[in-house]
Amino acid sequence: MKTLLRLIVLLLIMSSSTQLWSQEVDHSYKPLKLNLNEDGSKYIRFITWHQVWGTAQTNSQDQVEVDLMLRRSRFLAYAQISPRFLILTHFGLNSLTAANMHPVGQATTASLFLHDAWAEYKVYKDYLSMGAGLHYWNGISRLTNQSTLNMLTIDAPRFNWPTIGTSDQFARHLGVYAKGKIDRLDYRLAVNQALVNNLDQAIAPDTAQATYLNDGGYVYSGYLNYQFLDKESNKLPFMVGSYLGKKKVFNIGAGFNLHPKGTSSLDTQGDTISHNVSLFGVDAFYDAPLGEGKGAITAYGVYYRYNFGPNYRLAGASDVVGTGNIFYVQTGYLLPEFSSLGRLQFYLAGSYRQFEAFEEAANGVTVGANWFIQGHHAKISLEYQSNKAAATGAERKGLVRMQAAVFL
């Protein structure tokens, strides 16, 4: 009798376990949001993400080196404390490697720092909102305002943020901004105080090469885009790289970044000459589903005209950012869904960079793929990059990079 009872209990436990495992698990993404009132109009939302890279490339001894990097580790929170007020705080670190780590995380390269901190006030409906603080409401192009959570490629090229470390803090300025929508015209304008720094190295009097001043000054920037199809949200400044077929978007935009007397050069007598920094861009973005069950396409193109002064080239990125012209394009195709394990997207990107400081142009090509386990919230990416430097006779160099990324 005892044996029979034990057998019945065991069967009941097994039956309960089977029912538990057979239940369908909900894997859909739900925002980390804390409602402050019953209807949810007042809330705090939290976003956190990590992006880990593994990069393989050949060194000067023709040996393949594999390096790991915590490319981004971030935490962002914003609160809609009333229909007319918004506050945002964003901090984290970037590009942590074994070479720049610190035993207790106190080195500059291993420390968390403030990315964004601004407060915003809605002045009149959707037409005008104004804010102030350390902000990311940038000029020049869509990619200069790119979100790092949903890029088409693993990362956007450095030249899309040409003022990082020279007049701003990691693509953020301290200033005031205005944003809004007028019918289908979306705009953002900002007046900022320039960073005072020593990023550019001292120059010799006979080079006549422009370099950034350490006198600060003011920076004026803006980006306007006309949204022909679906309208995009501008609650936050971070622009989407690929909607994965969830929207049908076609935008044409133009932007600028002006820094009066932002750089200087020396003439042959050693006298200082000031130069106005003027950076302009025009771009177009298309992202749309191709039909029921047929996948989706993403396409983007931008032209930059950068003028930092004569023969300017950024120290450490001499054929990536400088006075001259840049063309950049990217396109991607999201395959129709064929597996419950995720979706696959292939992409191709290329750049052409012609700068005053070099006789030859530089160019780069990128091919890659994204495996979306849960959309942009959990994905694995693999890409190959090939770059031809601007130096005369330079050989093409390639690298393979893999990324694992999760954001909640």
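The values are calculated or read from the model by the stated rules, or taken from the named source; none is laboratory data. On a predicted model such as this, the values are computed, not experimentally measured, just so you know. Because the Cβ atoms are built from the backbone with ideal geometry, glycine has one as well, and the counts that use them run over all protein chains shown. The protein model used for the area step is the full one, side chains on, heavy atoms only, and it has no ligands, DNA or RNA in it. Shrake-Rupley method; radii C 1.70, N 1.55, O 1.52, S 1.80 Å.
Here are the numbers for this structure:
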quantity	calculated
Conditions (1) surrounded by 13 or more Cβ atoms within 10 Å (Cβ to Cβ); (2) in contact with a Leu (Cβ under 7 Å, 6 or more places away or on another chain); (3) more than 19 Å from Phe170 (Cα to Cα): number failed by Gly92	(3)
Residue under evaluation Ala378, criteria (1) of a type outside the set (Phe, Trp, Tyr); (2) under 21 Å from the mean Cα position of the chain (by Cα); (3) modelled with pLDDT under 95, criterion not met	(3)
Selected residue (only one of Gln403, Gln385 is touching a residue at least 24 places away in the same chain (Cβ under 8 Å) and closer than 30 Å to Asp62 by Cα)	Gln403
Segment 136-184 - residue that is out of contact with any Lys or Arg (no Cβ under 9 Å at 6 or more places or on another chain), small (Gly, Ala, Ser) and assigned to a loop (DSSP other than H, G, I, E, B) and, of those, farthest from His377 (Cα to Cα)	Ser167
Among (1) modelled with pLDDT under 90; (2) of a type in the set (Val, Ile, Thr); (3) open to solvent by 50 Å² or more (accessible area, probe 1.4 Å) - the single one Thr211 does not satisfy	(3)
Residue in segment 197-206 that is at pLDDT 95 or above and surrounded by 18 or more Cβ atoms within 10 Å (Cβ to Cβ) present	no
Residue among Val400, Val320 that is closer than 30 Å to Phe75 by Cα, modelled with pLDDT under 95 and not acidic (Asp, Glu)	Val320
Enumeration of residues in segment 348-382 that are over 26 Å from Thr48 (Cα atoms) and either touching a residue at least 40 places away in the same chain (Cβ under 8 Å) or surrounded by 19 or more Cβ atoms within 10 Å (Cβ to Cβ) (or both)	Ala349, Ser351, Arg353, Phe355, Glu356, Ala357, Phe358, Ala362, Gly364, Thr366
Lone qualifier among Phe238, Phe228, Phe256 - being over 22 Å from the mean Cα position of the chain (by Cα), among the hydrophobic types (A, V, I, L, M, F, W, C) and open to solvent by 40 Å² or more (accessible area, probe 1.4 Å)	Phe228
